[in-house]
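Novice: One structure coming up, written as structure tokens, with questions to follow.
The values are calculated or read from the model by the stated rules, or taken from the named source; none is laboratory data. Because the structure is predicted, anything quoted here is derived from the model rather than measured. As a convention, Cβ positions derive from the backbone with ideal geometry for all residues, glycine included, and neighbour counts pool all protein chains shown.
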Amino acid sequence: MRRRTLLSAAPLAAVTAAGLAACGSGSGGGGSNDSPDSLTYWASNQGTSLENDKEVLTPVLEKFTEETGIEVSLEVIGWSDLQTRIQTAITSGQGPDVLNIGNTWGVSLQATGGLLELGDAEFEALGGRDRYVPAALATGGAVDTDPTSIPLYGLAYGMYYNVQMFEDAGIEPPTTWEEMVEAAKALTDPDKDVYGMSLAAGSYTENNHFAFINATQNGASLNSPDGKPTFTEDGVVDGILRYLDLMQEHKVVNPSNAQFDNGTKSVTAFANKQAAMIINQNNANATIESQGMTPEEFKAVPFPAPADAVDDCASHLAGINLAAMADTDNRDGALAFMKFMTSPETQAELGKPFASLPVLVDGEPTFTDDTEQAEMFMEIYAERSAPLPLVPWEDQFETTVGQAMNSMFAKIATGGTVTREDVVTAMQTAQDSIRA
Amino acid sequence: MTLSTRPGTAAPASRPDPPAPRRRPRRTWFPYLILLPAVVLEVLIHIIPMVTGFWMSFVELTKFFIRRWTEAPFAGLENYRIAVDLNTPVGQELLSSFLVTLGFTILVVGLSWGLGMAAAVALQRPFRGRGVFRTLFLIPYALPLYAAVITWNFLLQRDTGVINHILVEQLGLFEDAPFWLIGDNAFISVVVVAVWRMWPFAFLMFMAGLQSIPGELYEASAMDGATPLRQWRAVTLPMLAPVNQTMLLVMFLWVFNDFNTPYILFGTAQPPAGDLISFHIYNASFLSWDFGVGSAMSVLLLLFLLVVSLLYLYFTQWRKESSHA
């Protein structure tokens, strides 16, 4: 890609300008219907691989073509590339017609003006606002604005544990943070390369979620009511330190996890029985099983909060949203496609292979046959989840706070110590980096 | 540029006719025509983007304007102020990245130069298997960049990498397996990978340069009793001066701007010790969506490289001229 070949003396200037100059400025939003018979769809990676996603989606898209006559050209994009691809598409106006976004980016992407605004007329075409779980729909835009994306797949964190390892040690699944740490200590045996927990400690996209969840459990917020970052609040700092201490103080996480730059690596450690617990979103089921564990070998409980927690938050309101590009050449087709993808039938069909939670108010979970587990995740999603800050700088929160946590985990893993003051300094730096 | 009549094609001196009057070189459009595609491409690929990038550094090109980038408000020197303000994390991190890159460049260029020179001198005289060594040494340069660096990423993993397997399990040099891709060791790793990539280029250039040194010089110096080290200092090094002059500058520019090595080796989780400036600017722009500040950083980088290059050329030229005087 052009942006990756920075060999000229003015690398970025040349590259970004080349991208911008090539496309000209974007025209006013609203889309057109110049190509009513075709759509391009960028799907995010939900299944066990990009190929698996194609296999799952292709028959669904064919059904849409049968119904409407609109051909859908599909591209599945990995998470490490998705944000940059969307950015480039918005900048150039040369992107797809419809695309998946991480729901935490909803407000940041809305701020660019690159996504189609969904007003009353658009929602009429989509089947109405009332179809969607209100909290999930709220991720699609800033408060009191027309959203630019709708929920597609719902996700929530849970704490997965190895049933056999817990039984062998005579330990009950933990319900509080303290119990979780005690269980993890009992199950850690570095000599056998087995640890109580595995964390994606080198993934900034995962780390920022736990900064948020732990801070929320402490009753702290990452943004002030007027939309400014408040990362140095005591509850935020204490929450981050609590999470870091799993590796630093309690030593229940293999220091090597500081190199785990995505969640799949901790799933692999869990499936290989090198870790007794992992905290992962409910779509981990498919990945865990694809790595060799049978459904009976693992279970999930809510990610626990400390016994004296102010809030029992167990997850951020996770998931994937669906949006149309403002520059689409098939505006009506894009809306029809979005309606189709969020119809009860398609939701039920995709819910199982992608292990997603329903985003429709009357949706039934299909992601697992284990009704107890399904209810548990549904309860977390509906009752114990909160959205990441619904502010335009949310994407910067993810990178600055998440990367600061990467660095702190790296320091711990390489023998250093992270004090409370270090966390305050890191959060101050992250906060000062944000141009809100 | 125009075509001119070559001096060697003048009429032979033995010819009885009086020499023809010296004709003005005839102007022709042909050279311009063959230059045209290159000029057009240069303008499209370098000049327009650079000018646009320069303009971008003076506007507030944040996420709110990337779609309507021509309407971004004028920011004056604000982006530059943010980039160099050492009281803010942006300025502090840029300075830190600059210093890391400076150390990286000095080490990579120095080590590549030394290895390239040593290998080229060692392979100067014919011996059985010389061709095999030449080919082997050039492999890193011929391998596709992504495949090569991602292989290093695998080798340098803490638990599963071959490097630690050798250092810890086979040689027993460390009690605890060290990290190579996070923490301070990340700097050593990125230097090693970059040197591995770069030294065959120096080797190739030196091999070409050595071909042009007459063998008689070595024979004469050997008869005078010069040791191989003395021969290297008195013959090889001075004769390779033109090669060195160009190569050091080119290597400096390439290494200072290296984006691909840290990007592929570390991914998006750039450790501070391996925070090279091209990748730092990419992060500042693409992860923060602040293309104005990113462009200002790029322009500052361009100016720095321009000044260093001009100083380098000035001094090397000056040295050459003073040595001829």
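Novice: For segment A:272-282, give me each residue that is surrounded by 24 or more Cβ atoms within 10 Å (Cβ to Cβ) and not in a strand (DSSP E or B).
Specialist: Of everything in segment A:272-282, just one residue is surrounded by 24 or more Cβ atoms within 10 Å (Cβ to Cβ) and not in a strand (DSSP E or B), namely A:Asn282.
Novice: Next up: Might you let me know whether segment A:251-269 holds any residue that is assigned to a loop (DSSP other than H, G, I, E, B) and either free of Cβ contacts under 8 Å to residues at least 12 places away in the same chain or of a type in the set (A, V, I, L, M, F, W, C) (or both)?
Specialist: Looking through segment A:251-269, at least one residue is assigned to a loop (DSSP other than H, G, I, E, B) and either free of Cβ contacts under 8 Å to residues at least 12 places away in the same chain or of a type in the set (A, V, I, L, M, F, W, C) (or both).
Novice: Continuing with the same structure: Step by step: first the residues of segment A:242-257, then only those that are farther than 23 Å from A:Gly158 by Cβ and not charged (D, E, K, R), then the one that is nearest to the other protein chains (Cβ to nearest Cβ). Which residue is that?
Specialist: Out of the qualifying residues, it is A:Ser256.
Novice: Just checking, which of A:Leu20, A:Leu12 is outside any strand (DSSP E or B), within 26 Å of A:Gly114 (Cα to Cα), in contact with a Pro (Cβ under 9 Å, 6 or more places away or on another chain) and modelled with pLDDT under 95?
Specialist: Going through A:Leu20, A:Leu12 in turn, the sole match is A:Leu20.
Novice: Still on this structure, please answer the following. Read through the list (1) at pLDDT below 95; (2) within 12 Å of chain A (Cβ to nearest Cβ), then give the number of the only condition that B:Gly76 fails.
Specialist: Going through the list (1) at pLDDT below 95; (2) within 12 Å of chain A (Cβ to nearest Cβ), B:Gly76 breaks only (2).
Novice: Of (1) modelled with pLDDT of 95 or more; (2) on the phi < 0 side of the Ramachandran plot, A:Lys251 satisfies all except one. Which?
Specialist: So A:Lys251 meets the others, but not (2).
Novice: I need the full set of residues from segment A:48-97 which are within 14 Å of chain B (Cβ to nearest Cβ) and either touching an Asp or Glu at 6+ places or on another chain (Cβ under 7 Å) or surrounded by fewer than 17 Cβ atoms within 10 Å (Cβ to Cβ) (or both), in order please.
Specialist: A:Gly78, A:Trp79, A:Ser80, A:Asp81, A:Gly93, A:Gln94, listed by residue number.
Novice: Can I ask one more? Tell me whether segment A:196-210 contains one or more residues that are of a type in the set (Val, Ile, Thr), surrounded by fewer than 24 Cβ atoms within 10 Å (Cβ to Cβ) and within 18 Å of the chain's Cα centre (by Cα).
Specialist: yes
Novice: If you take the residues in segment B:165-193 that are within 14 Å of another protein chain (Cβ to nearest Cβ) and within 30 Å of B:Ala120 (Cβ to Cβ), which one is surrounded by the fewest Cβ atoms within 10 Å (Cβ to Cβ)?
Specialist: If we take residues in segment B:165-193 being within 14 Å of another protein chain (Cβ to nearest Cβ) and within 30 Å of B:Ala120 (Cβ to Cβ), then B:Ile188 is surrounded by the fewest Cβ atoms within 10 Å (Cβ to Cβ).
Novice: Now for a different question. If I filter segment A:124-134 for residues that are within 14 Å of another protein chain (Cβ to nearest Cβ) and modelled with pLDDT under 95, do I get at least one hit?
Specialist: no
Novice: Could you please let me know if A:Asn45 is under 20 Å from the mean Cα position of the chain (by Cα), surrounded by fewer than 21 Cβ atoms within 10 Å (Cβ to Cβ) and over 26 Å from B:Ser288 (Cα atoms)?
Specialist: Answer is no for this residue.
Novice: Let me ask another. Filter segment B:271-306 down to the residues that are more than 8 Å from chain A (Cβ to nearest Cβ) and not in a helix (DSSP H, G or I) and list them by number.
Specialist: Passing the criteria: B:Asp275, B:Leu276.
Novice: Got at least one residue in segment B:214-236 being β-branched (Val, Ile, Thr), in a helix (DSSP H, G or I) and either within 14 Å of another protein chain (Cβ to nearest Cβ) or surrounded by fewer than 19 Cβ atoms within 10 Å (Cβ to Cβ) (or both)?
Specialist: Yes, segment B:214-236 contains a residue that is β-branched (Val, Ile, Thr), in a helix (DSSP H, G or I) and either within 14 Å of another protein chain (Cβ to nearest Cβ) or surrounded by fewer than 19 Cβ atoms within 10 Å (Cβ to Cβ) (or both).
Novice: Okay, moving on. Being touching a Phe, Trp or Tyr at 6+ places or on another chain (Cβ under 9 Å), of a type in the set (S, T, N, Q) and not assigned by the TED database to the domain that holds A:Met277 narrows it down to one of A:Ser49, A:Ser73, A:Ser80, A:Ser92, so name that one.
Specialist: After ruling out the rest, the residue left standing is A:Ser73.
Novice: If I filter segment B:134-148 for residues that are more than 14 Å from every other protein chain (Cβ to nearest Cβ), touching a residue at least 60 places away in the same chain (Cβ under 8 Å) and loosely packed, with under 14 Cβ neighbours inside 10 Å, do I get at least one hit?
Specialist: yes
Novice: What tally of residues in segment A:384-403 results from selecting those that are within 10 Å of chain B (Cβ to nearest Cβ) and within 27 Å of A:Gln259 (Cβ to Cβ)?
Specialist: Adding up the residues that qualify gives 7.
Novice: Another question about this same structure. Considering B:Phe266, B:Phe201, B:Phe256, which residue is among the aromatic types (Phe, Trp, Tyr), under 30 Å from A:Pro255 (Cβ atoms) and in contact (Cβ under 8 Å) with a residue 40 or more places away in the chain?
Specialist: When all the criteria are applied, what remains is B:Phe266.
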